[in-house]
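> Have a look at the structure that comes next, please.
The values are calculated or read from the model by the stated rules, or taken from the named source; none is laboratory data. Just so we're clear, the structure is a prediction, and the values are computed from it rather than from any experiment. All Cβ positions, even for glycine, are placed from backbone atoms using ideal geometry, and neighbour counts span all protein chains on display. What goes into the accessible areas is simple: the full protein's heavy atoms, side chains included, and nothing from ligands, DNA or RNA. Shrake-Rupley method; radii C 1.70, N 1.55, O 1.52, S 1.80 Å.
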Amino acid sequence: MMRELKPISVNVENLISVNKYCVDEEHKHIELASEDLGSLPDEEFGKLVRLCPAALYKQQPDGTRSFDYAGCLECGTCRIACEGTILRTWENPGPGMGVTYRFG
Ligand code: SF4
């Protein structure tokens with residue numbers, strides 16, 4: 001007899017919001033190739049918008065782009081996707097800085 005599988009709903013924003021973040025305001029641990037985000041290639045920036053689990057790379061319907069390293073989960077996905085194209089720097093935050101996970 002087959003068991004009925006019930007759908008599971010996960011709210012990622014709620015899970016992420018319980019983490020603790022200590023943002024290093026003096027040193028960005030992630031830097032893009034240009035501070036003018038609009039000048040970055042659409043395809044590469046689009047990857048970051050789609051892949052970042054914390055949704056830190058954003059593109060509004062009018063094309064306006066933003067990125068803020070505060071709230072980074074340090075997963076390295078953006079580094080894997082775009083290092084060598086539009087990601088200039090990806091470093092681990094300094095000691096005592098960055099994310100502290102509350103659930104593992
Ligand atoms: S390391 Fe992960 S969470 Fe941080 S900006 Fe890159 S993709 Fe987003």
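> Of the accessible area of segment 32-71, with the probe set at 1.4 angstrom, what percent is carbon plus sulfur?
On the way: 1190 of 2370 Å².
The value for segment 32-71 is 50 percent carbon and sulfur by accessible area.
> On to the next question. At 1.4 Å probe radius, can you tell me the per residue accessible area of the chain in Å²?
Values: 7630 Å² over 104 residues.
Computed with neighbouring chains in place, this is 73 Å² per residue.
> A further question follows. Taking the Cβ-Cβ separation of THR100 and SER66 as r and a Förster radius of 25 Å, what is the calculated FRET efficiency to the nearest 0.05? Display every interim value, and only then the final one.
Numbers: r = 24 Å, r/R0 = 0.98.
Calculated value: 0.55.
> Compute the acute angle (0 to 90°) between the alpha-carbon long axis of helix 42-51 and the principal axis of greatest extent of the alpha-carbon atoms of the chain; round to the nearest 10°.
Helix 42-51 and the main axis of the chain meet at about 40 degrees.
> Find the centroid of the Cα atoms in segment 1-41 and in segment 46-82, then give the distance between the two in whole Å.
Result: 8 Å between the Cα centres.
> How big is the Cα convex hull of the chain in projection, averaged over all directions, in nm²? Please report the intermediate quantities before stating the final value.
Numbers: hull surface 37.9 nm².
Mean shadow area of the hull around the Cα atoms is 9.5 nm².
> Relative contact order of segment 1-103, please, whole-number percent, based on alpha carbon pairs below 8 angstrom and at least 6 residues apart.
On the way: 118 pairs, mean separation 41.4, N = 103.
Value for segment 1-103: 40 percent.
> In straight Cα distance, which lysines are under 28 Å from LYS47, not counting same-chain residues fewer than 8 positions off?
Result set, ordered by chain and number: LYS20, LYS28, LYS58.
> Given the options PRO53, PRO93, PRO41, which has the most mean-square fluctuation in a GNM of the chain, springs set between C-alpha atoms less than 10 angstrom apart?
Largest GNM mean-square fluctuation: PRO41.
> For THR89 and HIS27, calculate 0.36 nm times their separation in residues minus their Cα-Cα distance, and state this gained length in nm to one decimal.
Numbers: separation 62, 0.36 × 62 = 22.32 nm, distance 1.13 nm.
Gain on stretching THR89 to HIS27: 21.2 nm.
> Then there's this: Using +1 on the beta carbon of Lys and Arg, -1 on that of Asp and Glu, and nothing else charged, what's the dipole of the chain about the Cα centre, debye to 20? Present the calculation step by step, with values, prior to reporting the outcome.
Values: 11 positive and 16 negative charges, 128 e Å.
Here the size comes out at about 620 debye.
> Name the most mobile residue of GLU83, GLU44, GLU25, meaning the one with the largest mean-square fluctuation, in a Gaussian network model of the chain with Cα contacts below 10 Å.
Comparing GLU83, GLU44, GLU25 in the GNM, the peak value goes to GLU25.
> Which residue, VAL49, VAL23, VAL12, tops the fluctuation ranking in a GNM of the chain built on C-alpha contacts under 10 Å?
Between VAL49, VAL23, VAL12, it is VAL12 that shows the largest mean-square fluctuation.
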